[in-house]
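Below is one structure, written out as structure tokens, with a few remarks after it.
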Amino acid sequence: LAERIAFYDNHDEIATTMNMFNVMMDKVERSFQQQRQFVEDASHELRTPIAIVEGHLGMLHRWGKHDPAVLEESLQISIQELARLKALVEELLALTRAENLQMDEATAVCEPEQVILQTIKKVNVLHPAFIMERDLRELSGVRLAISVEHLEQILLILLDNAVKYSRERKRIAVQATVQKERVCLAIKDAGIGIPAKDLPFVTDRLYRVDKARNRKSGSAEGNGLGLSIAKRLVERYNGALSIESIEQEGTTVNVFLPIRAGVQ
Ligand code: ADP
């Protein structure tokens with residue numbers, strides 16, 4: 001009997017191990033699948049502007065010398081599409097950098113108050129119609145475990161989105177609250193909001209709520225990489241990013257970052 005119990009115990013152990021192995025392999029498989037899908041989607045995004053420029057160069061070659069209207073239109077569209085291509089390549093590089101970031105966690109430090117104020121100012125200069133409120137009182141004397149450069153990059157992405165997806169209510173608020181060992185930076189807009197069905201996916205790479213809606217935002221069309229870059233950067237510094245949104249009312253992005261303790 002003892003032998004049989006030992007056998008069953010053993011058997012259970014093997015079954016448990018096999019199960020764990022299968023779960024892990026499923027995860028690996030899913031991650032490969034997601035990576036493949038991303039490369040496919042990114043290639044598609046890159047191919048579109050290239051094909052448009054190619055088409056217009058063909059038109060220029062054939063008719064551009066004799067038809068000033070073709071010359072003007074084709075040049076304009078080509079310049080526009082090349083700018084889109086350049087922005088896309090730069091953001092893809094930023095995403096790869098965020099994913100492979102090798103930073104010295106032990107030393108990354110910044111004084112967030114100044115960085116946030118300066119970044120808000122930069123965005124406000126570009127979009128003077130916006131009222132940018134801020135409540136950073138709790139940040140006085142606080143230091144965060146993140147580099148100045150990356151905090152600024154995250155804020156620029158979130159403020160840029162807040163601007164892009166606002167309509168007539170041009171009001172953005174940045175509020176900082178100190179929690180136990182971390183700080184919460186809330187970037188709040190009164191814009192078009194994100195539909196509940198899309199909310200879980202907006203930090204996925206290349207995810208856009210809907211292209212037509214984005215185009216209506218009047219600014220350069222987004223490419224669905226901003227939030228994924230911001231989220232990955234925040235997570236690299238052991239922080240977290242969460243989004244609350246109500247359609248037609250607005251969006252709040254909360255960025256949680258650890259406080260750097262013991263730095264004078
Ligand atoms: P994009 O470059 O398209 O802005 P993001 O990754 O930054 O890419 O955002 C993904 C999508 O989430 C956007 O296409 C937009 O539809 C939606 N979104 C992001 N931020 C906001 C916001 N503040 N308000 C409304 N929608 C937003």
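Readers should treat all values here as calculations from the given coordinates under stated rules, not as data from a laboratory. Remember, it's a predicted structure, so these values are computed and weren't measured experimentally. Note that each Cβ is placed from the backbone with ideal geometry, even for glycine, and that neighbours are counted across all protein chains shown.
Paramagnetic label reach from Gln76 (point 7 Å along Cα→Cβ; backbone nitrogen cut-off under 17 Å): within segment 40-58, residues 53, 56-57.
Other residues within the sphere of radius under 14 Å centred on the Cβ of Lys188, judged by their own Cβ, net out at -1 (K and R +1, D and E -1).
Stokes-Einstein diffusion for the chain, with the hydrodynamic radius set to the Kirkwood value over Cα pairs and evaluated at 4 °C in a medium of 1.567 mPa s, equals 60 µm²/s. Angle check, please: helix 226-236 long axis (alpha carbons) against the longest principal axis of the chain (alpha carbons), in degrees 0 to 90, nearest 10. Computed tilt is about 30 degrees.
Note on Asp210 and Val142: the extension gain reaches 20.6 nm, defined as 0.36 nm multiplied by sequence separation minus the Cα-Cα distance. For His61, neighbours were defined as the other residues whose beta-carbon sits under 13 Å from its Cβ, and their charges (Lys and Arg +1, Asp and Glu -1) total 0.
Calculate, in nm to one decimal, what Met103 and Glu168 gain on full extension: separation in residues at 0.36 nm each, minus their alpha carbon distance.
Working: separation 65, 0.36 × 65 = 23.40 nm, distance 4.04 nm.
Length difference between fully extended and current span is 19.4 nm.
Counted by Cβ distance under 14 Å from Met18, the other residues give a net charge of -3, where Lys and Arg count +1 and Asp and Glu count -1.
Rounded to the nearest 0.05, what FRET efficiency do Ala261 and Lys121 give with R0 = 35 Å and r taken as the Cβ-Cβ distance? Could you check? All intermediate terms of the calculation are to be shown ahead of the outcome.
On the way: r = 29 Å, r/R0 = 0.82.
Rounded to the nearest 0.05, the efficiency is 0.75.
Note the angle between two axes, namely the Cα long axis of helix 112-126 and the longest principal axis of the Cα atoms of the chain, as a number of degrees from 0 to 90, rounded to the nearest 10. Taking the Cα atoms of the chain, the angle to 112-126 is about 30 degrees. Among the DSSP beta bridges whose two residues both lie in the chain, what percent are antiparallel, rounded to the nearest 5? Approximately 85 percent, going by the DSSP bridge assignments. Compared with the alpha-carbon gap, the fully stretched path from Val178 to Glu40 is longer by 45.5 nm at 0.36 nm per residue. Between the helical axis of 2-59 and the dominant principal axis of the chain, each derived from Cα atoms, what acute angle in degrees is found, rounded to the nearest 10? Its long axis makes an angle of about 10 degrees.
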